[in-house]
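Structure record follows, encoded as structure tokens.
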Amino acid sequence: MLKYLFFAISPLFLFSETAFSSEKIREIASRSSIPLIQVAYSEGKRVSLYEVATADGVMEREDCSTVFQAASLSKPLFAYIVVKMAERGEIDLDAPLVRYADADRFDNWGYASLLTARIVLSHRSGLPNWALSPGSADWPASKISFRFRPDSAFSYSGEAYAYLQRAVENIRGRGLEEIAREEVFIPLGMSSTSYIWLDRYDSLASSGYTREGVNRGVGSFPRANSAYTLRTTAGDYIKFLSAITEGVGIGKRASRELFTPVINAVRYPERPRECDNTIFWGLGVGIEKNRELGDIVFHWGDNGNFKALFIIVPKGRGKPKRILVYFTNSAAGHDVINDMAILFLGNKEPLAIHDWVLK
């Protein structure tokens, strides 16, 4: 299915389906046995939406309204909130976070006192991804051990984001969901997006499927978490991506900071890979230095049986700015990174993002 999208950030125009048909997306998803994929693509100010099912019993909605777990695509949206707060002077990106939140869970107070919002957003915290499963009853009180000294290497961490979330909530005196609604969801018209379960999700939320095609249900989260609990649609999320690329709600300097490489993103220090050489991290987003497309901005999401990805290609080389975002309800959702990129972006060489995420 194809749907044209219009929203209030800037005037948009219809985008032709001739080159990017639903059937081509269906072929890609079918090859990887992905039951449902939802896609948003923009080129300049023109945006199109697709929702395509490939499995019996899985419904594709004509209005592209199925809601997916966004997984780690939760993080860039939270980073945008933090940067907005910094622009207003509510938080200092370079001040120790212990100024705003206690460090009781950390096993090394000296290291914890070095953490800042900027270090967290660029994944230089030295913390593990999670001390325990963040959905478990024991997680909120679990102890966190540093892997290494903060600001010494790349270390992708949901725990770091959760700690920064506590600082933000303490500053504002409100929970994450209320803050996100005020700062992002309402201003950008993201009516299907939330860090917590909404009643409308009872009929709109997609179930997740294993690689073997086993339905594992819609999933549930015990608490809002800035690192992984966002649910949304591709149509909503591309509104957010358009906003951050246009500097909506933040100044030009802050917008540039989001997309400026801070650290080389060697994902597995014990196992460096060739793809690491061109992957870097800014404030809340990854950057691939690509010979064909330029410095492309990305983030991937992985909640097991839900996989998501976005890619932002800057204006240049005879092309306007382009944005691609997709959500899948399958553990195989990242198998299609290169195929989806080639279909929409036309790159000749595989993206390093593919190997960086999968291998």
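Taking 19 Å as the straight-line reach from the Cα of LYS307, the aspartates and glutamates in range (excluding those fewer than 8 positions away in the same chain) are GLU27, GLU51, GLU60, GLU212, ASP236, ASP335, ASP339, ASP355. Between segment 316-359 and segment 271-309, the C-alpha centres lie 10 angstrom from each other.
Think of it as helices only: each DSSP H run of n ≥ 4 in the chain is worth -39500 (n - 2.57), and spread over all residues that comes to -7000 deg cm²/dmol at 222 nm. Going from the fewest other Cβ atoms within 10 Å to the most, the residues SER113, SER206, SER32 appear in the order SER113, SER32, SER206.
For segment 203-359, the Cα gyration tensor yields ellipsoid semi-axes of 25, 20, 16 Å (square root of five times each eigenvalue, largest first, whole Å). Plainly put, the chain has a radius of gyration that is 0.94 times its Kirkwood radius, both from alpha-carbon atoms, as the Rg/Rh ratio. Remark: the chain carries a charge dipole of roughly 760 debye about the Cα centre, counting +1 on each Lys and Arg Cβ and -1 on each Asp and Glu Cβ. Within the same chain, lysines fewer than 8 places from LYS319 are excluded, and of the rest, those with a Cα less than 27 Å from its Cα are LYS3, LYS24, LYS45, LYS239, LYS252, LYS289, LYS348. Of the options ILE37, ILE171, ALA332, report the single residue whose Cα projects farthest towards the positive end of the charge dipole of the chain (beta-carbon charges: Lys, Arg +1; Asp, Glu -1). Result: ILE171. Using alpha carbon centroids, what distance separates segment 226-255 and segment 99-166, in Å? Using only Cα atoms to place each centre, the spacing works out to 24 Å. Kindly provide log₁₀ I(q)/I(0) values, in the same order as q = 0.15, 0.22 Å⁻¹, from the Debye equation applied to equal alpha-carbon scatterers of segment 77-172. Evaluating at q = 0.15, 0.22 Å⁻¹ gives log10 I(q)/I(0) of -0.52, -1.13. Dipole check for segment 77-172: with +1 at the C-beta of Lys and Arg, -1 at the C-beta of Asp and Glu, and the Cα centre as origin, the magnitude is about 140 Debye. Remark: the Cα gyration tensor places segment 88-140 in the prolate category, a/c being 1.5 or greater and a/b exceeding b/c. Inter-label distance, ILE186 to LYS359: 4.7 nm, where each label sits 7 Å from its Cα along the C-beta direction.
If the viscosity is 1.567 mPa s and the temperature 4 °C, what Stokes-Einstein diffusion coefficient in µm²/s follows for segment 83-235 when Rh is the Kirkwood radius over Cα pairs? Estimated diffusion coefficient is 77 µm²/s. When only the Cβ of Lys, Arg, Asp and Glu is charged (+1, +1, -1, -1), the dipole of segment 249-359 relative to its Cα centre reaches about 560 debye. With the simple model of a label 7 Å out from the Cα in the direction of the Cβ, TYR201 to LYS319 spans 3.4 nm. Here the calculated FRET efficiency for ARG46 and LYS289, from their Cβ-Cβ distance with R0 = 30 Å, stands at 0.65, rounded to the nearest 0.05. For LYS348, project a label point 7 Å along Cα to C-beta. Then give me every residue of segment 314-342 with its amide nitrogen under 17 Å of that point. Hits in segment 314-342 for LYS348 at 17 Å: 317-319, 342. Springs between Cα atoms under 10 Å define the GNM used for the chain, and in it the highest mean-square fluctuation of VAL58, VAL325, VAL262 occurs at VAL58. Exposure proxy ranking for TYR111, TYR201, based on other Cβ atoms within 10 angstrom of each Cβ and starting from the fewest, stands as TYR201, TYR111. Sorted on the mean count of surrounding Cβ atoms within 10 Å across their residues, most packed first, peptides 334-346, 230-242, 80-92 read 230-242, 334-346, 80-92.
Rule-based calculations on the coordinates, nothing more; no lab input. All values derive from a computational prediction rather than experimental measurement. Every residue, glycine among them, receives a Cβ derived from its backbone with ideal geometry; neighbour counts consider all protein chains shown.
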